[in-house]
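Have a look at the structure below before the remarks.
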2 protein chains.
Amino acid sequence: MLKKKRLFTPGPTMVPEEVLLEMAEPVKHHRAPEFVEIFEAVNEKLKKLFFTKNPVLTFLSSGTGAMEGAVVNTVHSGDKVLVIEGGKFGQRWAEICKAWNIDHDVIHVEWGHPVDVNLVADYLKKTHYDVVFMTHSETSTGTVNDVKAVAELTKDTDTLLVVDGITSIGSHELYFDDWGIDVVVTGSQKGLMLPPGLAFAAISNKAWAKIEKKDLPVYYFDWVKAKKTLAKGQTPYTTGVSLIVGLNKALDIIMEIGMENIWKKHQKHGDATRAAVKAIGLELFSKSPSNVVTAINIPEEIGASNVINKMMDDFGIRITGGQEHLKGKIIRISHLGYIDDVDIISVVAALEAVMYNLGFGNKLGEATKAALEVLTVDN
Amino acid sequence: MLKKKRLFTPGPTMVPEEVLLEMAEPVKHHRAPEFVEIFEAVNEKLKKLFFTKNPVLTFLSSGTGAMEGAVVNTVHSGDKVLVIEGGKFGQRWAEICKAWNIDHDVIHVEWGHPVDVNLVADYLKKTHYDVVFMTHSETSTGTVNDVKAVAELTKDTDTLLVVDGITSIGSHELYFDDWGIDVVVTGSQKGLMLPPGLAFAAISNKAWAKIEKKDLPVYYFDWVKAKKTLAKGQTPYTTGVSLIVGLNKALDIIMEIGMENIWKKHQKHGDATRAAVKAIGLELFSKSPSNVVTAINIPEEIGASNVINKMMDDFGIRITGGQEHLKGKIIRISHLGYIDDVDIISVVAALEAVMYNLGFGNKLGEATKAALEVLTVDN
């Protein structure tokens, strides 16, 4: 039967039609003046996205490429770093450090919990760390960490704070300059409402002072070279021209709504989804739920994979499951990026119907009721 | 705030992305072999759409063009015809007859009611009519008429039955050959899930015998000429090549699902919408509701235009109001064409929230519950 394809995954996310159409325009050459003009416009908008006065670097890679770039550009030989790890994406910082033989301590946070900022403070008191790596929105568990509070600990020290903002930029409040963060990386296929392909980094003056003296071997992700070419409206190597043309449009959409309003939208959609999940009688997995993705415990007798498959089979809705040890135990519903109120109503009603048909609960309509009560406030 | 545009109007209707992409392919010349090949494939599929062995004519016009074509090709000078009129589109048959000075009687059916087939039988017994014109799905009132029963009255006589199937083809059961109908016209922007621009006519052998001897002046809508050129895979004049390329894809989608399943889908979506409307505490306008569009009475103190505006302002959902004397009294929600279960959930939940916020009723979630109870049966 006829079913539309609807992505409720935390990246790739859905892409607005206007953006898709921009990307379908004839391909421009990456050194041509008409492309440079667009790229320079994009670069100004990227500063507003991160709330920074500094240039934002653009890379043709996934977010992981920008993460590795952040490590090799900010860490010097002999440095000792701290990794805060509370999920699959926190682990990635540690994996990169391990691959580069970087001396790193790890704060292991129980998955689904936010990091205890006092514990971070204790670590920083006991040991001198050159760089702290953390995750803003931990997508594997639907958990948001308090980046602002950690930045309070590092901003007036010589320790750099490097943040994975891959799913949080464009969804959770983040004032890069004001909070005193040193590096935030993100990717295109998340809050920016684009297909995968581009990654970005905002970088503080404090970080640049150190990056200028970098001594680890790096070529493609050489941030100093990227900064120099950016000043001429260029990238060191061929960039994703069609994605950047799309990004220009996506940033126009975001800026027209306004960053604070975009954050409010994600807050409202997170609140509505969580209210609906509770109305169904399900439990949230995270103790500090993000507005990016809602992770939901699924009773063993129901089976998370059954829920995921039935959401697709019955309603054409693509959601995701747990990763690593959470596989089969949770489902994750994203409300990141190009999602509107109607999408939220759709996904929670579909979830309720799927749970009902799998024998969980005996109610229908309660999820919609709970979501609507949140959504129709100040609509 | 970010809102997606969603059409729940009975034409234009939403168009599948795959069809839009086909139409974005480079324009073909209407006499080129590669276009003729596509057009011939389309013509075979159109026969399956109408359940007829005869060729189906394609016109570059709105549905009204095909209606006028049906009149001037089937009616001869001196003929007397009968028009069944129970809404704005039934009126159109009478308006065309009037414009052409055709001697016509009109059965005036109360808007929102189906025609009484016994009354039609009485008319046919009392007077000899050369042609009967009727509407299958009367979109202005959301009412479906019993075409099969009227065809029973005409099929073994020399009276032709000409049916406006503009919104019913692809949504309501209609077996052209088996039922013994003589002409059915339809348009592209309805059940066929295309933008406006094309109109179609299925024509019986009995009708062709008369059309071949037509004596009213006609050029653009000359069906005899159209039939002759169709035999060569052509149209008499330039046709809408991109629309036909899109139609080829749309018919593939429809045929893959199967006509009977498409009808079942519309039945289910009509049933679900009607159940939700009742759960909200609202009344259906039609006494014989179609599966094309649900017409709903809106209490005067709420105001239909307030509901329509709030559906757009709060949820980005476009619905329509009443026409002529029903203006301000009813709203119309279409579930025609490229609509899936999730769309139905969306539109009824949004309607309930809008009514609630306008002060009607004190429930939320009941519309979704009622719709889901229908939708999840044999999903």
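The values are calculated or read from the model by the stated rules, or taken from the named source; none is laboratory data. Just so you know, these numbers come straight off a predicted model, no measurement behind them. Virtual Cβ from ideal backbone geometry, glycine too; neighbours counted across all protein chains shown.
Filter the stretch A:316-331 down to residues that are more than 10 Å from chain B (Cβ to nearest Cβ) and of a type in the set (A, V, I, L, M) and give me whichever is surrounded by the fewest Cβ atoms within 10 Å (Cβ to Cβ). Full working, then the answer.
Here is the first cut: in the stretch A:316-331, the ones more than 10 Å from chain B (Cβ to nearest Cβ) are A:318-331.
Subsequent filtering for residues that are of a type in the set (A, V, I, L, M) retains A:319, A:326, A:330-331.
Details: A:I319: 25, A:L326: 21, A:I330: 26, A:I331: 27.
Filtering the stretch A:316-331 for residues that are more than 10 Å from chain B (Cβ to nearest Cβ) and of a type in the set (A, V, I, L, M), the one surrounded by the fewest Cβ atoms within 10 Å (Cβ to Cβ) comes out as A:L326.
Of B:Q189, B:Q234, B:Q267, which residue is modelled with pLDDT under 95 and closer than 20 Å to B:I169 by Cα? Before the answer, list the steps.
On the way: B:Q234 fails: closer than 20 Å to B:I169 by Cα; B:Q267 fails: modelled with pLDDT under 95.
Answer to the selection: B:Q189.
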Q: Please enumerate the residues belonging to the stretch A:174-229 that are surrounded by fewer than 19 Cβ atoms within 10 Å (Cβ to Cβ), of a type in the set (V, I, T) and part of a helix (DSSP H, G or I).
A: A:V224, A:T229
Q. Taking the stated definitions as given, is B:F89 under 19 Å from B:R332 (Cβ atoms) and in contact (Cβ under 8 Å) with a residue 40 or more places away in the chain?
A. yes
Q | Which listed residue, of B:V120, B:V115, B:V81, B:V132, is modelled with pLDDT of 95 or more, out of contact with any strand residue (DSSP E or B) (no Cβ under 6 Å at 6 or more places or on another chain) and buried (at least 19 other Cβ atoms within 10 Å of the Cβ) | A | B:V120
Q.
Can you confirm whether B:K148 is in contact with a helix residue (DSSP H, G or I) (Cβ under 6 Å, 6 or more places away or on another chain), among the charged types (D, E, K, R) and surrounded by fewer than 24 Cβ atoms within 10 Å (Cβ to Cβ)?
A. yes
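Applying the selection to the stretch B:350-371, what residues are in a helix (DSSP H, G or I), at the interface with chain A (Cβ under 7 Å from one of its Cβ atoms) and farther than 10 Å from B:T273 by Cα? Break it down into steps so the answer makes sense when it comes.
Start the filter on the stretch B:350-371 by keeping residues that are in a helix (DSSP H, G or I), which leaves B:350-357, B:366-371.
Keeping just the survivors that are at the interface with chain A (Cβ under 7 Å from one of its Cβ atoms) gives B:350, B:353, B:357, B:366, B:368-369.
Selection gives B:A350, B:A353, B:N357, B:E366, B:K369.
From the list B:G165, B:G170, B:G142, exactly one residue is of a type outside the set (A, V, I, L, M), within 15 Å of the chain's Cα centre (by Cα), in the same structural domain as B:M67 (by TED's automatic domain parsing) and farther than 23 Å from B:I257 by Cα. Which is it? Reasoning before the result, please.
Working: B:G165 fails: farther than 23 Å from B:I257 by Cα; B:G170 fails: farther than 23 Å from B:I257 by Cα.
None of the other options fit; the residue is B:G142.
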Q. Among the residues of the stretch A:282-302, is there at least one that is within 14 Å of chain B (Cβ to nearest Cβ), among the acidic types (D, E) and touching a residue at least 12 places away in the same chain (Cβ under 8 Å)?
A. no
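Consider the stretch B:287-315. How many of its residues are within 17 Å of B:S171 (Cβ to Cβ) and buried (at least 24 other Cβ atoms within 10 Å of the Cβ)? Write out each step before concluding.
First, pick out the residues of the stretch B:287-315 that are within 17 Å of B:S171 (Cβ to Cβ): B:288-295.
This time we only want the ones that are buried (at least 24 other Cβ atoms within 10 Å of the Cβ), so: B:290-295.
The number of residues fulfilling the criteria is 6.
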Q) Scanning the stretch B:230-264 for residues that are without any contact (Cβ under 8 Å) to a residue 24 or more places away in the chain and buried (at least 16 other Cβ atoms within 10 Å of the Cβ), which turns out farthest from B:F8 (Cα to Cα)? A) B:P236
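I want to confirm something. Restricting to the stretch A:332-349 and keeping residues that are surrounded by fewer than 24 Cβ atoms within 10 Å (Cβ to Cβ) and outside any helix (DSSP H, G or I), which single residue is farthest from the chain's Cα centre (by Cα)?
Residues of the stretch A:332-349 surrounded by fewer than 24 Cβ atoms within 10 Å (Cβ to Cβ): A:338, A:340, A:342-343.
If we keep only those that are outside any helix (DSSP H, G or I) too, we end up with A:338, A:340.
Values: A:Y338: 14, A:D340: 18 Å.
Top of the filtered list is A:D340.
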